[in-house]
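What follows draws every value from the coordinates through simple rules; no lab data is involved. Everything quoted here is computed from the prediction, not taken from an experiment.
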Amino acid sequence: MKTTNLKWLWLTLLIVILDQASKQAASQLLLFNQAWPVFPGFNLTLVHNPGAAFSFLRDAGGWQRYFFIILTTGVSIALLIWLTRLPANRAWLPCALALIMGGAIGNLWDRLQYGYVVDFIEVYYDKWSWPVFNIADSAITAGAIMLIIDAFRLNREARNG
């Protein structure tokens with residue numbers, strides 16, 4: 001098992017620290033469910049999300065907390081194993097996995113501590129608003145996009161021989 005890619009765990013730790021620090025600040029400085037306009041198209045709005053992305057299973061009655069704790073723990077372990085088995089010369093894919101793990105662990109921490117995820121970043125245009133999110137969600141999204149790009153690159157390389 002190759003462990004040289006464990007150096008990417010610094011990025012995972014950085015995401016967790018930034019995520020938790022920003023959530024702590026948002027919880028202390030913002031009023032719950034009250035938008036604080038920063039500039040047009042961007043508010044800080046403190047909300048609590050017991051569900052998953054886009055509030056999926058938000059009103060499921062409480063069982064979803066344990067489901068997401070188990071799921072996130074399993075996915076994080078799988079990503080860590082995947083990271084350790086990658087060739088040492090890869091950079092893009094380990095970075096993507098580290099971002100996803102950092103985001104997953106940041107939101108897992110919230111679920112364990114509070115039973116919900118703290119969200120506070122609101123992006124909108126006119127009457128349309130993206131669901132409120134946090135730094136962990138942003139890291140997961142960036143990592144997932146990087147995984148998709150990596151898959152397309154590998155597919156193209158396989159076709160080109």
Only Cα pairs under 8 Å and at least 6 apart count here; give the relative contact order of the chain as a rounded whole percent.
31 percent
Which of 94, 50, 131 moves most in a GNM of the chain, Cα contacts under 10 Å?
131
Rounded, prolate or oblate: which fits region 66-131, taking a ≥ b ≥ c as square roots of the Cα gyration tensor eigenvalues, rounded meaning a/c under 1.5, else prolate when a/b beats b/c?
oblate
Specify which labelled value, from [x] 16.1; [y] 15.5; [z] 16.9, agrees with Kirkwood radius over Cα pairs in Å derived from the coordinates of the model shown.
[z]
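At 222 nm, what value in deg cm²/dmol follows for the chain if DSSP H runs of at least 4 each add -39500 (n - 2.57) and the sum is divided by all its residues, to the nearest 500? List each step's numbers first, then the result.
On the way: 4 runs with 93 residues, N = 161.
The helix-only estimate for the chain comes to -20500 deg cm²/dmol at 222 nm.
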Inter-part gap, Cα centre of region 62-107 to Cα centre of region 24-39, in whole angstrom, is 29 Å
